[in-house]
1. How much length is gained on full extension from Lys22 to Asp122, taking 0.36 nm per residue of separation minus their Cα-Cα distance?
2. Only Cα pairs under 8 Å and at least 6 apart count here; give the relative contact order of the stretch 55-210 as a rounded whole percent.
3. I'd like the antiparallel share, as a percent to the nearest 5, of DSSP beta bridges with both residues in the chain.
4. Give me the distance in nm between label points sitting 7 Å out from Cα along the Cα-to-Cβ direction at Asp206 and His13, one decimal.
5. Please compute the Kirkwood hydrodynamic radius over the chain, one decimal place, Å, based on all pairs of different Cα atoms.
6. Ignoring ligands, DNA and RNA, what percent of the accessible area of the chain is carbon or sulfur (1.4 Å)?
7. Taking the Cβ of Lys22 as the center, what net charge do the other residues with Cβ under 13 Å away carry, scoring Lys and Arg +1 and Asp and Glu -1?
8. By what distance, in whole Å, do the Cα atoms of the stretch 1-93 stretch along each of the three principal axes, largest value first?
Amino acid sequence: MSVKNSHMVELRHVDMQFEEKKVLDGCSLSVEPEERLVIMGQSGSGKSTILRLILGILKPIDGSIFFKQFEITRLKRRKLQQVRRQIGMVYQYSALLSSRNVRDNVALPLEELTDKSRKEIDKIVDEKLDLVGMKDAKHLLPSELSGGMKKRVSLARALVLEPELILFDEPVAGLDPVIASVIDELIISLTEKSKVTSIIVTHEMDSAFRIGTRMAMLYQGKIIEDAEPEKFKQSTNPVVAQFLSGSTEGPILEGSQDAIAKK
């Protein structure tokens, strides 16, 4: 079997700006097949923006974004829709439709993007709900689920199209530490079993080091550190060291103090 040398995802010199705020500034990053890359950084640093750029929801001001051999930034709408079927997304607040039960929420991508029969869809939905331990909850509404259960359903929905890439936006935000650990373990086992590549945006340290096979730190629009977890922990970059320790002394706050002083 020949091994593909191409990256699963690549950002090349990407610039992104919202009004006056430059969020990404010549940002470059690559992700290899079956990696679990964790992107860390301060709130508002542009981590979630990277996920939206990969999905093609946002377009950069400059630079290129690739998913396998496809340049996302240049795809026509119809082709982009086809390519998106290979990408699953788990949103920060699960993004389940409140009026639809668990089964219907998970079935949604299959109903909208495939021509499978109801019977085929039911079989896939049962399979994926079983994987996340939620098969018995398929008739419940989102309002009847706990935070952890919603995350599981959201994960099942991201898996129904058998994607090659799954994007996670703050997957354990708002969960207690025990449930967060359970969700982390579930992400690890499912991504390994399905052989999918994943990009996880988080600033929950425990979760980041539990899930990640590689870590990248986004700061002032650029990736300033990119390494395996153990090497990342030993980074000599003062910004990374401060971020990991949670110290109030260091370049991160000094930067914002300067910004405040200039106002």
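1. Extra length available between Lys22 and Asp122 comes to 31.5 nm.
2. 26
3. Roughly 55 percent of the DSSP beta bridges within the chain come out antiparallel.
4. So the two model labels end up 4.3 nm from each other.
5. For the chain, the Kirkwood estimate is 19.4 Å.
6. Ligands and nucleic acids excluded, carbon and sulfur reach 49 percent.
7. Charge balance near Lys22 sits at -3.
8. 48, 29, 29
The values are calculated or read from the model by the stated rules, or taken from the named source; none is laboratory data. Source: prediction; values computed, not measured. Because the Cβ atoms are built from the backbone with ideal geometry, glycine has one as well, and the counts that use them run over all protein chains shown. Surface areas here come from the heavy atoms of the whole protein model, side chains and all, with no ligands, DNA or RNA. Shrake-Rupley method; radii C 1.70, N 1.55, O 1.52, S 1.80 Å.
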